[in-house]
Amino acid sequence: MAGQRAINSALDLVRIPAFASSMAASPLPPDVLEVIRIAAESPEACHEAARATGQPERALVEAARFYVQQILLRPEADCYRILGLRPDDPRDLARVHMRWLLQWLHPDRNHGWDAVYAKRIVKAWREVSVDSNALKNSHPIEGRESLGRGRQTKRFSMRLPLIKRPIETAPKSAGGKLYPRFVAAALIAAGLITVFWVLGLTLPASGSGPILSQ
């Protein structure tokens, strides 16, 4: 089944529904939009598929719808698989897929039970749109990585001063304020001791006699 047209895979799935598990686990075929358009009963897509496969258009529509239900709209499918997309597909292509799916599934056009899938289509489109905008704002990947590194550098530059300032100011407060005061006090004390010592040597020589005589 690898390499064949998506509509042929849809026909194989109708014949052998057991293929559903293996098909769901495999990447989507590049022309899956053709199956979506056939499911939406696009006249051009139906005519072309009928000419290529030799199958009646009604049978192709039923096969395409069964394929979409079993491969795209599985309960565990993510937003990309629901829309028949790959994660790297552009947003414009996602819009095209969404419109064709709603052409078939929208409750205003489809009054059958499968119209309940419309809500999943809309929800998937919103998720893909948000994800596409996020990627668009951060492309290229190198830019996104450098942006992350820039944010980390900014955080570090804001934190480093908080670490450096206490380390820088602590020696200043100890060596720039306390130590000079201690030296000044020591010098003053030494000066006073010297003065008293000098006076103690000179006073007895000049004034000891009169004091004793009185």
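None of the figures in this text is laboratory data; all of them are computed from the coordinates on show. Since we're looking at a predicted model, the values are computed, not measured. Note that each Cβ is placed from the backbone with ideal geometry, even for glycine, and that neighbours are counted across all protein chains shown.
Identify the residues of segment 10-47 with backbone N under 14 Å of a label point that sits 7 angstrom from the Cα of His106 along the Cα-to-Cβ direction, or state none. Those under the cut-off are 40-41. Determine, at each q value in 0.15, 0.21 (inverse angstroms), the log₁₀ of I(q)/I(0) that the Debye formula gives when each Cα of segment 6-139 is one equal point scatterer. Debye curve over Cα of segment 6-139, log10 I(q)/I(0) at q = 0.15, 0.21 Å⁻¹: -0.69, -1.28. Kirkwood-type hydrodynamic radius, segment 26-80: 11.6 Å, calculated from all non-identical alpha-carbon pairs. In segment 6-139, a dipole from Cβ-located charges (positive for Lys and Arg, negative for Asp and Glu) runs towards its positive end, and of Leu33, Leu83, Ser129 it is Ser129 whose Cα lies farthest in that direction.
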